[in-house]
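Let me begin by presenting the structure, written as structure tokens, before commenting on it.
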Amino acid sequence: MKDEKNLNDEKINGEENSPPVEKPKKRWTIFGVEFVYLAFIGICIAFVGWILENSVKLVTNGTIDARYHILPFISPYVLVSFAFHICFGNIDDLTVFGKKIFKKTSWKTKVLSNILIFVFLCVAVFLGELIVGNLYEKCFGVTLWYYSSSKFLVTKYAGLVPSLWYGTFAYLIFRLIYNPLLKLMRKAPYKAIKITVIVLGTLILADAMNLLIQIIVFGKAPMLWRVQLW
């Protein structure tokens, strides 16, 4: 029989010779949510935004077009999911940069949280369109959009009606889609979502860079196709 010393030696040697266990890789997170998940939601919003903008054009003047992109994604919309998470956190419990605004949660704070987020989104849309539209015109001499038939305009790039429309759309995405989609993705294979984000993210970034280069070099935004339906 092997004595206790020999058994201990074999146990120690066995542990030393066994392959090391790899530690799980740390995931890059922003205030507790994985970057990959936020990027995936942003890509989904960019696609929905492309459809929404064409829906508005279809209703107003009967046309649909490429929206200055090669792919069916409005590239700046990818950042919307990051803005949601960083600026608001939870639609029923307003959280700015990871810090809760309300110490206690009640039905009153939930209602106030929703109202504040809706107002902020409408204001953000208004200022965003006003700044970006005028910036492109001043710097590159191009007009990316023109609310010619809208009322209550502030320059041709921003107005009360478009801001309310797109602000409401953004609010509904945050209210109905953002959190359920985030929960669903956490049940999906992380690696598959990561690969999807890398592939689509690279293509969308290249598309956005192509648009910027076209504007700088040729002085106009490329419209690859347009269809007049009525």
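Listing for the model above:
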| read-out | value |
| --- | --- |
| Residue count, the range 43-60 (criterion: out of contact with any strand residue (DSSP E or B) (no Cβ under 9 Å at 6 or more places or on another chain) and over 26 Å from ILE198 (Cα atoms)) | 3 |
| Scope the range 141-163; condition of a type in the set (A, V, I, L, M, F, W, C) and either touching a strand residue (DSSP E or B) at 6+ places or on another chain (Cβ under 6 Å) or surrounded by fewer than 16 Cβ atoms within 10 Å (Cβ to Cβ) (or both); matching residues | PHE152, LEU153, VAL154, LEU160, VAL161 |
| Residues satisfying the stated conditions in the range 106-117, i.e. assigned to a helix (DSSP H, G or I) and not aromatic (Phe, Trp, Tyr) | LYS108, THR109, LYS110, VAL111, LEU112, SER113, ASN114, ILE115, LEU116, ILE117 |
| Residue list for the range 37-71, restricted to those being over 22 Å from LEU203 (Cα atoms), small (Gly, Ala, Ser) and touching a residue at least 24 places away in the same chain (Cβ under 8 Å) | GLY62 |
| Condition broken by LYS138, with the remaining ones in (1) free of Cβ contacts under 8 Å to residues at least 24 places away in the same chain; (2) within 30 Å of LYS220 (Cβ to Cβ); (3) outside any helix (DSSP H, G or I); (4) out of contact with any helix residue (DSSP H, G or I) (no Cβ under 6 Å at 6 or more places or on another chain) satisfied | (3) |
| Any hit, the range 127-138, residues being in contact with a strand residue (DSSP E or B) (Cβ under 7 Å, 6 or more places away or on another chain) and loosely packed, with under 14 Cβ neighbours inside 10 Å | no |
| Identity of the residue in the range 143-199, in contact with a helix residue (DSSP H, G or I) (Cβ under 9 Å, 6 or more places away or on another chain) and of a type in the set (Lys, Arg), that ends up farthest from VAL33 (Cα to Cα) | LYS151 |
| Unmet requirement for LYS99, which otherwise passes all of (1) farther than 23 Å from LEU181 by Cα; (2) within 21 Å of the chain's Cα centre (by Cα); (3) basic (Lys, Arg) | (1) |
| Residue check, GLU34 under 15 Å from the mean Cα position of the chain (by Cα) and of a type in the set (D, E, K, R) | yes |
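Rundown of residues vs (1) within 22 Å of SER163 (Cβ to Cβ); (2) modelled with pLDDT of 95 or more; (3) not in a loop (DSSP other than H, G, I, E, B), yes/no style:
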| residue | (1), (2), (3) |
| --- | --- |
| PRO76 | yes, no, yes |
| THR95 | no, no, yes |
| LYS104 | no, no, no |
| VAL119 | yes, yes, yes |
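The values are calculated or read from the model by the stated rules, or taken from the named source; none is laboratory data. Since this is a predicted model, take the numbers as computed values, not measurements. Every residue, glycine as well, gets a Cβ built from its backbone with ideal geometry; the counts of neighbours run over all protein chains shown.
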